[in-house]
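Student: Have a look at this one before I ask anything.
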Amino acid sequence: MSKAIGKVLGAGGADTSMYGSEQEILKYLNGLDTSNVDNSLSNLSQAGYNLSTTLGSRPDYVYAVDGSDTARQRTENAVYNSAVEKMQPQFDRQQQRLETRLQNQGLAVGSEAYQRAMNDLYEQQNDSLRQAAYESVAQGQQAFNSSLQNAIAAGNFTNQARALPINEILTLISGSPSRYDVEMDKYAVQSGADQRIAQNRFYNNQAQTSAGNSFLSGAAQGLALFSDARLKENKVAVGKLNNGLTVYLFNYAGSAVPHIGLIAQEVVLARPEAVCVDEESGYLKVNYAKACR
């Protein structure tokens, strides 16, 4: 009852409807066409699903690379054979000169001194061949490493090229909201409005109850007031006291100022001790302290 009185008194007037700005942004969001973005995302999602089912066998993604052992072997052979081709004529000339020198020294073929000199020559030539072999191995390893780097670069290029259209699509739609984005924005606006409206309703209830209680408390502490039905116009019931008496909104005859109170003719039936007759005018008065018990 006190809440109804407080409402009539105008307490708790916080807005409990959606603001125009909130309505406008919701109207704008509801009007957005997100079909292009939604379809693009749907296509990407389907492509992602299709990709996930073939990851183990997809040839267009490079997951592992290796260097070329064929290139290594080819380089080793080429380097070694080239070195041998250059050294062999030199070996032949060295051997001829040594044989001539040994004969001029009178050393017979097959003699110990002759054979020792020839062995020394052969050992020198073998050292040169071993050095050529080491060099060919080093060159072959370089060729292998080079081929490995080329394979890595080619694999990276392939993978990056494979991702280019996906990244391009994502870039193109990055500035446009999807339906999910729009729905989340709408939820944020509506949720904010709902929270504010709920808070305002709670505030209004509290304010109206407090105002009604203050009115009743003030009336209950006062002296007998004119409450004769003959003095009141435009009576509208706005609530009831705990003891069952009806509270009315009214104005006194000849005045447009609204008031809230009881009707003496009703109070006398329930609380006769709270009603008295004004000696001068003959109109009924109500002692609200007694009537509100």
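The values are calculated or read from the model by the stated rules, or taken from the named source; none is laboratory data. Values in this document were obtained by computation on a predicted structure and should not be read as measured data. With ideal geometry, Cβ positions are generated from the backbone for all residues, glycine too; neighbour counts draw on all protein chains shown. Ligands, DNA and RNA are excluded from the accessible area calculation, which covers all protein heavy atoms including side chains. Shrake-Rupley method; radii C 1.70, N 1.55, O 1.52, S 1.80 Å.
Student: Regarding Asn150, is this residue surrounded by 14 or more Cβ atoms within 10 Å (Cβ to Cβ), without any contact (Cβ under 8 Å) to a residue 60 or more places away in the chain and part of a helix (DSSP H, G or I)?
Tutor: Against the criterion (surrounded by 14 or more Cβ atoms within 10 Å (Cβ to Cβ), without any contact (Cβ under 8 Å) to a residue 60 or more places away in the chain and part of a helix (DSSP H, G or I)), Asn150 qualifies.
Student: At least 1 residues that are within 23 Å of Thr209 (Cα to Cα) and either open to solvent by 40 Å² or more (accessible area, probe 1.4 Å) or polar (S, T, N, Q) (or both) in each: list the strands (runs of 3 or more DSSP E) lying fully within the stretch 237-293 that qualify.
Tutor: Filter on the stretch 237-293 gives 246-252, 258-261.
Student: Among the residues in the stretch 42-54, are any part of a loop (DSSP other than H, G, I, E, B) and modelled with pLDDT under 85?
Tutor: yes
Student: Same structure again: So, Leu102, is that one open to solvent by less than 90 Å² (accessible area, probe 1.4 Å), assigned to a helix (DSSP H, G or I) and in contact with a Phe, Trp or Tyr (Cβ under 7 Å, 6 or more places away or on another chain) or not? Outline the logic, then answer.
Tutor: Details: open to solvent by less than 90 Å² (accessible area, probe 1.4 Å): yes; assigned to a helix (DSSP H, G or I): yes; in contact with a Phe, Trp or Tyr (Cβ under 7 Å, 6 or more places away or on another chain): yes.
Yes.
Student: Quick one: in the stretch 165-203, of everything that is more than 29 Å from Leu32 (Cα to Cα) and not basic (Lys, Arg), which residue is least open to solvent (accessible area, probe 1.4 Å)?
Tutor: To start, the set of residues in the stretch 165-203 that are more than 29 Å from Leu32 (Cα to Cα) comprises 199-203.
From what is left, the residues that are not basic (Lys, Arg) are 199-200, 202-203.
Details: Gln199: 119, Asn200: 30, Phe202: 129, Tyr203: 125 Å².
Residue satisfying both the conditions and the ranking: Asn200.
Student: Continuing with the same structure: Identify all residues within the stretch 234-252 that are more than 13 Å from Val286 (Cβ to Cβ), among the aliphatic types (A, V, I, L, M) and out of contact with any Leu (no Cβ under 6 Å at 6 or more places or on another chain); write none if there are none.
Tutor: Ala237, Leu249
Student: Every residue in the stretch 68-87 that is exposed (fewer than 12 other Cβ atoms within 10 Å of the Cβ) and closer than 17 Å to Arg130 by Cα, please.
Tutor: Residues satisfying the conditions are Glu85, Lys86.
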